[in-house]
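Nothing in this text is a laboratory measurement; each read-out follows from the coordinates by a stated rule. These numbers come from a predicted model, not from an experiment. So basically every Cβ, Gly included, is an ideal-geometry build from the backbone, and we count neighbours across all protein chains shown.
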Amino acid sequence: MPRRARFGYATLAVLLAGYAASTLLRPRGWHSTLLDNGVTNAIQVGAAVLCLVRARTVPLLRGAWAAFGAGLLIWSAGDVYWTLEFGGGSPPGPSLADVGYLAFYPLAYVGLVLVIRSRATRFPPALWWDGVIVALGAAAIAATFGYDAIVSVSSGAALTIAINICYPIGDLILVAIAAAMLTLFRGQLEARWILLAVGSVIAGIADIVYLIQTAHGVYAEGTYLDALWPAAILAMSFAGWLVPRRSERVRMDGTLMLVAPLAAAATAGGLLIYGNVLALDPVALVLAGAALVAAGIRMALGFHDLHSLHQTRVLAHTDELTQLSNRRHFLNRLDAALAEAASGAVGNGRLAVLFIDLDRFKEVNDAFGHQIGDELLTMLGPRMDGVLRQGDLLARLGGDEFAILLEGADSDHALHVAGRVITALTTPFALPEVSVHLGASVGIALAPEHGRTTRELLRCADVAMYHAKNGNARVVVFDAAADTSRDRLQLLEDLRRAIDEGELAVHYQPKIDLATGRVCGVEALLRWQHRTRGAIPADVFVTLAEEARLMRPLTHFVLDTAIAQCAAWRRAGNPLRVAVNLSANNLLDDDLPAHVQRLLDDYDVSPTLLTLEITETTMLRDPGRAREVITALRETGVAMSVDDFGTGYSSLAYLRDLPIDELKLDRSFVQTLAGAVGARDTAIVRSAVTLGKGLGLRVVAEGVEDADTLALLAELGFDEAQGYYLGRPVPAELLDLSSRDVAPAHGTHL
């Protein structure tokens, strides 16, 4: 507060204190126009001006305090007019002073509402109806208990009665708003709230006492009553200069917001009952009836809001697609269940969480579209819910992941429920276009054995589900000893860093032409030398990359490095063919063919020097889309090879339908070949070679570990071979390009 404002309020407070003291010390009936009217007018005008100065100089709540200041100034102007015009006596009827007095009320209401609105996070429209109810109830009370007094004071004149009845009504509404403000902000009461409420109450008391005394002919000027009006104005004006201690907004208490309108409605109802026993003025009865009608409308609005709130809460806890509980509701219930379990109130402190992940659901989405996938998801809820007890909670966490909360359940019961869920899902789902068979993997975590918090239990259940999905069991209970999730997560983060910082390297394993023994090509193989863990096996980090959708950057790195090296060998006079492996994710990348073409163009490498290897299992995720990508790759001129031939499920179909150039027999057949002469392995290998040759394909063997196997492969008609016996994967600068001897060590094997 500026120094001048402090001085002004201090001066006004001293004047008020002196005047109040004089009313108590002077003889009864003694009156001085200068003292009683001049001093009070000066205090009121000064307080109003200071309130307007506050609105002009401080931007915070400028509108509220401008309304208060204007209302106080108009009130004071009316009082000054009353003093000058009537010299302290009573006017014969309504005057301009009444205009000033009555204009104060709406401006004060606006100021109070703006103050409340500035700190409330919610100001519902129904609150305006509450104001109407309070106003009508206050009017009914005023008409009931003050009507006779008002009539007697007004000498029966209708206009005078109407004006005089506005004062108690206005005061009651002002007091009701102030009381509601204190109730709403009860948790953050500040001096300014209290001063506003005190000022409103003092003004109301002064008007009501004045009305009663005037009606009974006992009002006399120069008493304590005349000090109440300037005191009320000074308190409300000073409240505007008090800076709030907190900047946070206050959320209104919905229950307490109803106190004032309920009290007003109850009073109105009581007045109507009272009016049936004793005759009341018709005005009071009409006002009381109007208050009850407004209360009925407010109640209807309240029921509508309550219904809307209920619907909103239901939607907030329900999965939109399946109508099951959503993740938020599941987490809230699990939090509550853990709290109850910790206290021993439920199930002797035990509960189980089942984490369910559907198998092959992505294949359904990719093959038949998301609309069919969504329809399938809607059919899962009733299936799984049908095997649960009443009180068990089934929720969809997102995508094709679901969770079940079993309160009071041990490991045996959780396993039993998981088994029933698996059984329920194995029954085919009849969709409009196809009948779909689904499986699921279930991870189970128990409280308190595996965790005592929601986060711990969900993590453990998720880890157990991962082991179920990647193992032989469909249902797995979390085992802390087998939990490698943290290590896998750290390794995954290290892999991301390795990709970004260039820690990965490409090694090359030679492929030998069995007709000449010369190195005719290489296979590019990705290697990772971890900073602290050393060499990470390829099958470990490639699996991580597949799960984390990192195969695209990994494959792009290998392609870029291998094609660049191929260009270097060509320039050095060694045009070696380079083979690069593709994953299932790569075969779903529509941009891969264009990327390969750009690399070949950038490094000026003939597409005949690049072979892209796929496996039969990589085709299973989305055969149609994979076939399109393979065809587009083949159209660039690169060769396509089927790796690990013989381990898939539909080899002959792929050989017939796909543009394949090379057949690469899996090492599992090659490594047992030398010791199985005349056995089934030889017959299978011979058939594979015959099939490949008949289709015009190049036939390659991998996994050659000794000279006898190498010689046998040459005799069987293989075109090329690779393996540790012929050369391990090494950096490009260490690659041995010398010819190998493919002659049998002990004569013929056939």
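Of all DSSP-defined beta bridges confined to the stretch 504-729, some 40% are antiparallel rather than parallel.
Net charge of the neighbourhood of residue 206, taken over other residues with C-beta under 11 Å away and scored Lys/Arg +1, Asp/Glu -1, is -3.
Kirkwood hydrodynamic radius of the stretch 1-47, from the reciprocal of the average inverse Cα-Cα distance over all distinct pairs: 11.5 Å.
A Förster radius of 51 Å, combined with the Cβ-Cβ distance separating residue 632 from residue 62, puts the computed FRET efficiency at roughly 0.15. Counting other Cβ atoms within 10 Å as a rough exposure proxy, the listed residues 361, 429 run 429, 361 from fewest neighbours to most.
Modelled spin labels at residue 25 and residue 456, positioned 7 Å past Cα toward Cβ, are 7.5 nm from each other.
Cross-link reach is defined here as a Cα-Cα straight distance under 22 Å, omitting same-chain residues fewer than 8 places apart; for residue 693 the lysines meeting it are 511, 664.
Karplus-derived 3J(HN,Hα) values for the stretch 166-174, using 6.51 cos²θ - 1.76 cosθ + 1.60 with θ = phi - 60°, are 5, 5, x, 5, x, 5, 5, 5, 4 Hz; glycine and proline are entered as x. Loop only per DSSP, at most 14 neighbouring Cβ atoms within 10 Å: give me the trypsin sites (Lys or Arg not before Pro) in the stretch 526-574, ordered by residue number. The qualifying sites are 531, 533, 549. Note on residue 362: lysines with a C-alpha under 21 Å away, same-chain residues under 8 apart excluded, are 469. Computed from label points 7 Å out along Cα-Cβ, the spacing between residue 335 and residue 424 is 2.7 nm. Counting neighbouring Cβ atoms within 10 Å and putting the fewest first, the residues 193, 65 line up as 193, 65. Exposure proxy shown here: for 196, 431, the number of other Cβ atoms within 10 Å sets the order, fewest to most, as 431, 196.
For the stretch 504-729, the Kirkwood estimate of the hydrodynamic radius, built from every pair of different alpha carbons, is 18.1 Å. Placing a pseudo-label 7 Å from each Cα along the Cα-to-Cβ vector at residue 13 and residue 162 gives an inter-label distance of 4.3 nm. With a cut-off of 14 Å between beta carbons, the residues surrounding residue 78 carry a summed charge of -4, where Lys and Arg count +1 and Asp and Glu -1. Beta-bridge orientation, the stretch 327-483: approximately 90 percent antiparallel, per DSSP, counting only bridges with both partners inside. With a/c under 1.5 counting as rounded, go ahead and sort the stretch 327-483 into rounded, prolate or oblate using the C-alpha gyration tensor (a ≥ b ≥ c being the square roots of the eigenvalues; past the cut-off, prolate if a/b is larger than b/c, else oblate). Prolate shape, in that a/c is at least 1.5 and a/b is the bigger ratio.
Across all directions, the shadow cast by the convex hull of the stretch 393-537 built on its C-alpha atoms averages 15.4 square nanometres. Of all DSSP beta bridges in the stretch 414-534, what percent run antiparallel (nearest 5)? Bridges in the stretch 414-534 that DSSP calls antiparallel: roughly 80 percent.
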